[in-house]
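Worksheet for the structure shown next.
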Amino acid sequence: MANYTFGEAKDMLLAYENNFSDNSMKDFTVIFGDMEVRDGALRTTKTGGHSTALLEFANKPNFVLEADFINHQGGGGIFFGGVAGGMKKSTPEDDKANGYYAFVSVDGLGGALGCTTHPGKWSGNFTASKNGDRFTIGQDLHFYIRVTGDYIVYTISDCETKEELYRAEYRKGDSAFDRSPFETGTIAIRINNDGGKGGFTNLKIYEKKEPTTYTDATLGLCEKLTARLTPTNAEELVVFEKNGQGFAFGYDAAVERLVAYKYLHGKLMFLTQHAMQLTAGNTYDFTAVNGGNVLSFYFGDHTWPIMEVQVKKPGTYNIGTTAPITFDIDKASLYEGETYVNPVTYGADPEILYHDGTFYLYTLHHPFGSKCSVRVRTSKNLYDWEEAGFAFSITEDSPIHYFMSPNVFYKDGWFYLLIASQFAGGYGPTEFRVFYASARSPLGPFVMNKEKPYVNTEPEIGGAPFVDDDGRVYITTVRFGGGNHIYIQELDAKDGVLSKKRDAVHCISPTEHYEIDEWAPISEGGVITKHNGYYYMMYASGHFRGHYGESYAVSKDIYGPYKKYKYNEVLASNRYVEGAGDCMFVVCPDLEENYVVYHKHSDRANNKGFDRDICIDRFYFVPSEDGGPDVLRVYGPTDTPVPAPKFKKK
């Protein structure tokens, strides 16, 4: 084992600072409207419309921008990443600002991150806040914008309490309307004309640290690096490179994110990120394992890698860092047992039932031009699946014509299938109900109840079941109105018939940045597992056509209130796996570990998410750093060889 200590403490270079104490506009050019520096802030002078001022400063590809928006009245923001050029030809109707815009909404009650396109037309928001209760008019707000390569993090917090009010994370180019290439450019500040009440001040721009590589420290094949890392409120990097190419692992207490980048001669390209509690000054264990075709990063108390990156050309890495670091290099014990690789099969809206030693996988089967069916497959090991026919299909006699989200549970000798279906001949959200069918075999055929084949009369989708320790049966459903909202209710399941025991209770609504994308504000598909007396509800956050993922919330009571995990999403799309969503818990008493099954966008066709594949990954629990309920972790999404599920010895 070799021990190394190297690196030097580096501060981010403060490239620009202005607290406007000199009441000078010397660095700014007013593009349109009326702006002035007064009482230590850049302000407008008129009411109605908006004004924009350009800062003649060329920001670099990696930078941090911070500013205070004091006594805000709404409608203020900062353009960055390519606003030069046409900006000086702007008009009040057309900002001509190519690039990105981080702002507070016009009503002053939320935040948003959006973009413009050449020649500066407004294109749209990637994500926007729905949290009107967090913002108040006249509040002093702090803007934080961090750009690393093609990855943007934008937060708004209260200047006094430091509470984070809004967060946006975005990988450039992900949105269909993001057609403006990111360039080094200038900065522009725009404020709705409010008669000079609010204004921007304490503007700072930092240039990010650059890693220094030391050739006397290397990480060879089948070797591991172990270190203790201390995050600061500025992104630190550990770089693994060969011939100027490789990967970088970033950790930042300011935004509480771990990030993996591709490293190309100093340029950083986002690969994957993981949110978790990172406290500045605390020290965390870090391990990097060079497994040849896979580079694995372990961080904190994780049993499994916090993230992995694919390696096309295995080799030995030189090691670089932006902070002082002491680490050991030792031989790594790589897993040599049986493995599997995601995806394990194809399909959409997966559900897995374990019964009498066999796993049953149910997926939506709806090829173009055909009627909906529920395809069923069987497995003994959870990753090798055999076709077993169709458990349910729409016929001419069916009261429905389209469905999605098949869900199956077992109770007292009966198998129940729940599907979100539209009435025959009906179209649109108001025609959806959660229908059900029952069977004596997990293979079906599932038959609908002729008297009343649906649970509730209200329009809804979903229908994910949960059988509690006391045998009570619950389902979660999704109802509409300004987005998709999760409800839960208890059902009576007897002799193949389902009936409601009480009305549905509202649990979760889309309020966070990861639930609100360019498509719609969505939280749906709530599925439940129980751990240490707490109910953990995992749900799809965001629209399935976008880069959605899975988040979770916790409650002591099954009806709530549910508290969302602060560091969602716990199963997030990345550069390798797109659209990781529609998750279901797979808790099997015969397995040593627990799993989730989910679908992802298939890379076989560019079909905006309709073509999907099935993946299976582990989930587990670790103690919370703040003493609350244990934290649910998902080892995924994975697309590299991972250890096969192990069964308990009998």
Estimated vicinal HN-Hα couplings, Hz - region 351-360 in sequence order (Karplus 6.51, -1.76, 1.60; Gly, Pro = x):
9, 10, 10, 9, 8, 6, x, 10, 8, 10
Please report the spacing between the Cα centers of region 118-161 and region 555-585 in Å, no decimals.
23
For region 294-375, which whole-number percentage of the solvent-accessible area (1.4 Å probe, protein heavy atoms only) is attributable to carbon and sulfur atoms?
50
Mind checking the full-extension length gain between A520 and K60? Use 0.36 nm per residue of separation minus the Cα-Cα distance, one decimal, nm.
162.3 nm
Which value, in Å² rounded to 10, gives the accessible area of W519 with a 1.4 Å probe and all protein chains present?
100
So which lysines pass the test for K208, namely a Cα distance under 27 Å, with those fewer than 8 places away in the same chain ruled out?
K10, K26, K60, K162, K172, K242, K262, K267, K566
K197: which aspartates and glutamates have alpha carbons under 16 Å from its alpha carbon, excluding same-chain residues fewer than 8 sequence positions away?
D34, E36, D39, D68, D107, D140
What do you get for Rg/Rh of region 413-516 when both radii come from the Cα atoms and Rh is the Kirkwood radius?
0.99
Residue by residue through region 327-339, which ³J(HN,Hα) values in whole Hz follow from phi under the Karplus form 6.51 cos²θ - 1.76 cosθ + 1.60 (θ = phi - 60°), with glycine and proline marked x?
8, 10, 10, 9, 5, 9, 8, 7, 5, 10, x, 5, 10
Give me the accessible area per residue for the chain, probe 1.4 Å, as a whole number in Å².
40
With the charge dipole of the chain built from beta-carbon charges (+1 for Lys and Arg, -1 for Asp and Glu) about the Cα centre, the Cα from S379, V37, Y410 projecting farthest to the positive end belongs to S379
Counting only protein chains, not ligands or nucleic acids, how are T640, T226 ordered by accessible area (probe 1.4 Å), most first?
T226, T640
Per the charge dipole of the chain (beta-carbon charges, Lys/Arg positive, Asp/Glu negative, Cα centre), the residue among S602, P589, V478 reaching farthest to the positive end is S602
Under the Karplus relation 6.51 cos²θ - 1.76 cosθ + 1.60, θ = phi - 60°, what is the ordered set of whole-Hz ³J(HN,Hα) values for region 190-199, x standing for Gly and Pro?
10, 9, 5, 5, 10, x, x, 6, x, x
Considering only DSSP states other than H, G, I, E and B, which trypsin sites (Lys or Arg not before Pro) in region 457-516 qualify as loop sites with at most 15 other Cβ atoms within 10 Å?
R472, K501, R502
Between region 351-398 and region 14-64, what's the alpha-carbon centroid distance in Å?
60
The chain, dipole about Cα centre (Lys/Arg Cβ +1, Asp/Glu Cβ -1), debye to the nearest 20:
880
Given R₀ = 30 Å, what would the calculated FRET efficiency be for E336 paired with K242, taking r from the Cβ atoms and rounding to 0.05?
0.75
Full extension between N3 and N449 adds, at 0.36 nm per residue less the Cα distance, a length in nm of 153.6 nm
Give me the distance between the Cα centres of region 275-315 and region 223-257, rounded to whole Å.
9
Where does each of K204, K197 land when they are ordered by accessible area, with a 1.4 Å probe and the largest first?
K197, K204
Nearest-0.05 FRET efficiency for E164 and R38 at R0 = 35 Å, using Cβ-Cβ distance, is 0.75
Taking the Cα centre of region 195-245 as origin and charging only Cβ (+1 Lys, Arg; -1 Asp, Glu), how large is the dipole, in debye to the nearest 20?
320
Quick one: if you stick a label point 7 Å off each Cα along the C-beta vector at T226 and T45, how many nm between them?
6.6
Got a sec? Charge dipole of the chain, +1 on Cβ for Lys and Arg, -1 for Asp and Glu; which of V497, N125, F57 is way out at the positive end?
V497
Explain nothing, just the number: dipole magnitude of region 21-64 about its Cα centre with +1 on each Lys and Arg Cβ and -1 on each Asp and Glu Cβ, in debye rounded to the nearest 20.
120
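The values are calculated or read from the model by the stated rules, or taken from the named source; none is laboratory data. Remember, it's a predicted structure, so these values are computed and weren't measured experimentally. Cβ sites come from the backbone with ideal geometry, for glycine too, and all protein chains shown count toward neighbours. Keep in mind that these areas ignore ligands, DNA and RNA; they rest on the heavy atoms of the full protein, side chains included. Shrake-Rupley method; radii C 1.70, N 1.55, O 1.52, S 1.80 Å.
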